[in-house]
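All remarks here apply to the structure that follows.
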Amino acid sequence: MKELVNAIRMQGVGVGDDIVKVDMFLNHRLDTELVVQMGKAFAEAFADEKPDLVLTVEASGIASALTTAMALGNIPVVFAKKSQTRNVTGDVYQSNVFSFTHGVENHVRVSKAYLPQGSRVLIIDDFLANGAAASGLCDIVAQAKGTVVGVGVCVEKKFQPGRAKLEGMGMRVVSLATVVGIDNGKLIVED
């Protein structure tokens with residue numbers, strides 16, 4: 001997606017050789033026009049799959065998941081919570097997900113009431129690095145005897161194995177922008 005690629009090139013920063021910092025427009029401060037365009041792009045890519053809902057992990061994936069769900073005809077968005085809360089009790093689907101960015105393992109959970117058995121689920125997230133978040137969400141969908149109709153990611157880090165992992169699981173992966181490397185703090189993005 002040209003607009004996202006341009007934003008990454010103009011505002012993105014590489015930290016070390018593996019951190020892609022785009023929080024100034026994607027996951028801390030949001031460029032709302034860009035996030036709406038990303039939702040439309042995901043909706044176009046996955047419209048034929050007829051998802052029942054969009055699933056993501058809190059918090060960075062929520063904005064793109066929401067705009068995608070709106071562009072797909074205002075279908076529901078469900079986000080997996082990363083921590084135990086008093087208002088998510090009882091029956092939950094749960095999976096363990098290691099966060100590359102934060103360097104911690106999260107026990108993500110979704111209330112069974114919000115992910116109906118047999119749902120057709122589109123997974124949307126902000127990043128694809130090692131594929132842990134999307135794999136954990138696929139596990140949750142499998143627990144609900146649902147079908148993952150695809151995985152959409154805003155930014156893929158091609159130099160990490162996430163895509164291969166997900167495709168090895170039989171998932172269709174669509175990324176809107178692909179970072180192929182970092183050179184002295186500059187992000188190298190595919191056209």
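Express the relative contact order of the chain as a whole percentage, based on alpha carbon pairs under 8 Å and six or more residues apart in sequence.
Numbers: 412 pairs, mean separation 43.9, N = 191.
Relative CO of the chain lands at 23 percent.
When the helices in the chain are scored as -39500 (n - 2.57) per DSSP H run of 4 or longer and the sum is shared across all residues, what 222 nm value do you end up with, to the nearest 500 deg cm²/dmol? All intermediate terms of the calculation are to be shown ahead of the outcome.
Numbers: 5 runs with 54 residues, N = 191.
Using -39500 (n - 2.57) per qualifying helix, the result is -8500 deg cm²/dmol.
How much length is gained on full extension from S111 to R172, taking 0.36 nm per residue of separation minus their Cα-Cα distance? Before the final figure, lay out the partial values.
On the way: separation 61, 0.36 × 61 = 21.96 nm, distance 2.53 nm.
This chain segment gains 19.4 nm when fully extended.
Taking the Cα centre of the chain as origin, work out the dipole magnitude from +1 charges on Lys and Arg Cβ and -1 charges on Asp and Glu Cβ, in debye rounded to 20.
Details: 19 positive and 21 negative charges, 85 e Å.
Roughly 400 debye for the chain.
P(r) for the chain, please, calculated from all Cα pair distances in 10 Å bins and given in %.
Calculated P(r), rounded to whole percents: 10, 39, 37, 13, 1.
Considering only DSSP beta bridges with both partners in the range 1-109, what is the antiparallel share in %, to the nearest 5? Walk me through the numbers before you get to the answer.
Working: 10 of 14 bridges.
Antiparallel: roughly 70 percent of the beta bridges in the range 1-109.
Based only on Cα atoms, what mean projected area does the convex hull of the range 118-191 have, in nm²?
On the way: hull surface 18.9 nm².
The Cα convex hull of the range 118-191, projected and averaged over all directions, gives 4.7 nm².
Please name which of A129, A142, V173 has its Cα lying farthest along the dipole of the chain towards the positive end, using unit charges on Cβ (Lys, Arg +1; Asp, Glu -1) and the Cα centre as origin.
A142
If I compute solvent accessible area with a 1.4 Å probe over the protein chains, what percent of it on the chain is carbon and sulfur?
Working: 4630 of 9270 Å².
Reported share for carbon and sulfur atoms: 50 percent.
Give the peptides 8-20, 130-142 in descending order of average Cβ contacts within 10 Å, highest first. Present the calculation step by step, with values, prior to reporting the outcome.
On the way: 8-20: 15.0, 130-142: 22.6.
Listed from highest to lowest mean packing, they are 130-142, 8-20.
How much accessible area per residue does the range 1-64 have, counting only protein heavy atoms and a probe of 1.4 Å, in square angstrom? Walk me through the intermediate numbers first.
Details: 3280 Å² over 64 residues.
Per residue, the range 1-64 has an accessible area of 51 Å².
Does anyone have the angle between helix 32-46 and the longest principal axis of the chain? Alpha-carbon axes, 0 to 90°, nearest 10?
It is inclined by approximately 60 degrees.
What is the helix-to-structure angle for 2-11, meaning the angle in degrees between its Cα long axis and the longest Cα principal axis of the chain, kept from 0 to 90 and rounded to the nearest 10?
Long axis of 2-11 versus the principal axis of the chain: about 60 degrees.
Between I19 and D91, what is the spin-label point distance in nm, taking each point 7 Å from the Cα along the Cα→C-beta axis?
Result: 4.2 nm between the two label points.
Place the peptides 174-186, 143-155 in order of packing, highest mean first, counting for every residue the other Cβ atoms within 10 Å and averaging per peptide. Intermediate values should be presented prior to the final figure.
Details: 174-186: 16.4, 143-155: 21.5.
In descending order of packing, they fall as 143-155, 174-186.
Return the FRET efficiency for the residue pair E58, D191: r is the Cβ-Cβ distance, R0 is 22 Å, and the value is rounded to the nearest 0.05. Intermediate results must be reported in sequence, preceding the final value.
Working: r = 32 Å, r/R0 = 1.45.
According to the calculation, E is roughly 0.10.
Kindly work out what percent of the DSSP beta bridges joining two residues of the chain are antiparallel, to the nearest 5. Walk me through the intermediate numbers first.
Details: 16 of 37 bridges.
Percentage antiparallel, nearest 5: 45.
Can you list the residues, at least 5 places off or on another chain, whose amide H is less than 5 Å from the amide H of V77, using H built in the peptide plane?
V54
The values are calculated or read from the model by the stated rules, or taken from the named source; none is laboratory data. The shown structure was predicted, so the numbers you read here are calculated from the model rather than taken from an experiment. Virtual Cβ from ideal backbone geometry, glycine too; neighbours counted across all protein chains shown. For the accessible areas, the whole protein counts, side chains as well, though only heavy atoms, and no ligand, DNA or RNA atoms are used. Shrake-Rupley method; radii C 1.70, N 1.55, O 1.52, S 1.80 Å.
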